Amino acid sequence: MKCEGCGAELQCENETLPGYIPREVLESKVLSGEKILCQRCFRARHYGKLMPVHLKDFSQQLREIINSMNIDIVVWVLDITDFEGSYDSMISAILRDVRKIFVVNKIDLLPRAVTVKEIEGWVRKNLNEESFEIILTSATKNYGLKKLFESISKFQRVLFIGVTNVGKSSLFKKITGADVSITPFPGTTLGLIHAKIFKTNLYDSPGITTGRRVIDLLKPDSQKKLVPVKHLSRYTFKPEKDRVIFLGGLCRLDVNFESEMRPIFQVFASESVKFHETSETKADELWRKLYGKLLTPPFDPEELSMESLNFQEKTFELNVAEELSIAGLGWLSVRRGPLEICLKTIDGIYVRKREALINPLRKERRT
Ligand code: GDP
């Protein structure tokens, strides 16, 4: 028996494989003669969202989808508040020869002092790509949607891709409205959400998890808490020597510097990331005691037990107008340097020192 959405053979054994449907649901649908959808298609149809897929599986199928469906253009949705977490080099390599538009979403969350031109210039420099179009958007504030629609409506087949929580389904829904169906995709574990506007077929793909972002390690409920919706919290630190700053329980910064003047930096993250400053001597004990309690994320010490994690450290030299970004968690932006930060976070999380997105030396202001 096959799913009437994606065409996968229905099965009740393994939730992670295509065609899964809980046995009781299958039995009741057979009895009532109702249309039978696998769990993935059921959720897609009712919540407008496909279940996430891991990068490893997604990247294997991406090329096949593009070729066999004659995709004209890929819309790759990035999150400006998590650039490192949403721009992945493996996907970039697969899409090297594919025509694409980068949609940089959630620009409403940046401080208003940063201009749209500045954001675009920064993204352009930080993308390791040859030719591309960039459109800045805010799905919640309806910014940039008209421009995005105008750009894609020239094409017949458009595929949306992006890691989870960047706002891809919000954008897709805003552009297409509610009338979507599921496209079967034989031979792959993916279904695609399909909508048609005039001559353009738009396809939304499942959100990708990479395992390189802090947010990927949390349970779905906690992930929701960690995604900033209305505000980013911004906190300014001006630490003395040998101070330690925690960004929740999953990231610790040991600060050091030589100069007479204390360094100044700002940390940007979701409001649910609790910042806490302490002395080096108290830091270890405080970390153990407050992990998952005052120091969130994680939002419960058992969610990711401290003992089960492998923390790695790396030291960064930072100066004014440089930033240190921790994928899926937040970033710090230096206002006065130089300083040295020994950063401890979970092994495998992507951390990058970069030119400042929120540059204290900038001249222009957003109008
Ligand atoms: P997806 O996993 O990429 O499909 O992301 P969703 O569309 O489900 O969005 C994830 C979260 O980000 C939701 O809480 C959205 O409300 C929020 N979100 C989406 N777009 C924006 C945006 O432009 N600005 C802000 N502030 N939040 C957004």
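Which of the residues that make up the range 138-160 are touching a Gly at 6+ places or on another chain (Cβ under 9 Å) and closer than 24 Å to Ile65 by Cβ? Break it down stepwise before answering.
Filtering the range 138-160 down to residues touching a Gly at 6+ places or on another chain (Cβ under 9 Å) leaves 138-140.
Across the range 138-160, the qualifying residue is only Ala139.
When you go through Arg213, Arg234, Arg243 one by one, which is the residue that is surrounded by fewer than 18 Cβ atoms within 10 Å (Cβ to Cβ) and either in contact with a Pro (Cβ under 7 Å, 6 or more places away or on another chain) or closer than 30 Å to Ile264 by Cβ (or both)? Write out each step before concluding.
On the way: Arg213 fails: surrounded by fewer than 18 Cβ atoms within 10 Å (Cβ to Cβ); Arg243 fails: surrounded by fewer than 18 Cβ atoms within 10 Å (Cβ to Cβ).
Of Arg213, Arg234, Arg243, the one residue that is surrounded by fewer than 18 Cβ atoms within 10 Å (Cβ to Cβ) and either in contact with a Pro (Cβ under 7 Å, 6 or more places away or on another chain) or closer than 30 Å to Ile264 by Cβ (or both) is Arg234.
Going by the structure shown, is Glu84 under 30 Å from Ala269 (Cα atoms), more than 14 Å from the ligand (Cβ to nearest atom) and not small (Gly, Ala, Ser)?
yes
Residues that are within 16 Å of the ligand (Cβ to nearest atom) and out of contact with any Asp or Glu (no Cβ under 7 Å at 6 or more places or on another chain), at least 1 per element: which strands (runs of 3 or more DSSP E) completely within the range 197-267 meet that?
Here the list reads 200-204, 233-237.
Is it fair to say Val75 is within 16 Å of the ligand (Cβ to nearest atom), in contact (Cβ under 8 Å) with a residue 24 or more places away in the chain and in a strand (DSSP E or B)?
Answer is yes for this residue.
Might you check whether a residue that is within 27 Å of Gly211 (Cβ to Cβ), within 16 Å of the ligand (Cβ to nearest atom) and in contact with a strand residue (DSSP E or B) (Cβ under 8 Å, 6 or more places away or on another chain) occurs anywhere in the range 23-46? Talk me through it step by step, then tell me what you get.
So the first thing to find is which residues in the range 23-46 are within 27 Å of Gly211 (Cβ to Cβ), and the list is 38-44.
Next cut, within 16 Å of the ligand (Cβ to nearest atom) only: 40, 43-44.
Subsequent filtering for residues that are in contact with a strand residue (DSSP E or B) (Cβ under 8 Å, 6 or more places away or on another chain) retains 40, 44.
The answer is yes; a qualifying residue exists.
Would you confirm, using the coordinates I've provided, whether Lys199 is at pLDDT 95 or above, out of contact with any helix residue (DSSP H, G or I) (no Cβ under 8 Å at 6 or more places or on another chain) and outside the structural domain of Cys38 (by TED's automatic domain parsing)?
Answer is no for this residue.
The values are calculated or read from the model by the stated rules, or taken from the named source; none is laboratory data. Worth saying up front: this structure is predicted, and the values here are computed from it rather than measured. FYI the Cβ positions are ideal-geometry reconstructions off the backbone, even for glycines, and counts take in every protein chain you see.
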